[in-house]
Structure formats: C-alpha cells, structure tokens
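One structure below.
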Amino acid sequence: GTRIIYDRKFLLDRRNSPMAQTPPCHLPDIPGVTSPGSAAEEAKAEANSLNHQEGKPSMGDDAQFEMDI
C-alpha cells in the first residue's frame with residue numbers, strides 16, 4: 001500500500017482550520033468527554049479520585065524511577 005506522510009508544518013497549519021475546531025456530528029453524549037460537564041461534577045470527581053489514591057498503598061512503580069541525589 002501507499003503511505004501518506006505529512007510534514008510538521010502542514011499538520012500545524014491544519015490545527016487552526018475551522019473544520020478542526022468543530023466536533024464531529026453524531027457523537028454520543030458523554031458528560032465530561034464529548035460534552036462539557038459542570039464544574040461541580042468535575043470537582044467532585046477529582047476529590048473522589050484523590051481520596052481513593054491516598055487510601056491505597058503504592059504498587060511499587062514509583063520506586064523504579066526514584067533517584068538519590
């Protein structure tokens with residue numbers, strides 16, 4: 001098959017086009033993903049995720065990237 005390769009300048013120019021600024025039609029309504037959610041819902045979800053993270057022990061992935069200085 002034939003590959004289409006776009007250079008960086010072309011892609012950056014397309015980012016500002018009007019078509020790139022509008023969402024595709026016929027998307028399902030998913031609050032916070034495809035439709036903007038309310039600020040109260042987002043703050044509540046963020047606080048909830050922070051509470052869950054504090055209560056769980058670390059899985060050990062962080063130790064792999066620690067550096068002694």
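The values are calculated or read from the model by the stated rules, or taken from the named source; none is laboratory data. Values in this document were obtained by computation on a predicted structure and should not be read as measured data. Neighbour counts run over all protein chains shown; Cβ positions are idealised from the backbone, glycine included.
Descriptive notes on the structure:
- Pairs where the first residue, in segment 1-29, is assigned to a loop (DSSP other than H, G, I, E, B) and the second is loosely packed, with under 10 Cβ neighbours inside 10 Å, C-beta under 9 Å, 6+ apart: none
- Options 20, 45; residue that is modelled with pLDDT of 85 or more and under 20 Å from the mean Cα position of the chain (by Cα): 20
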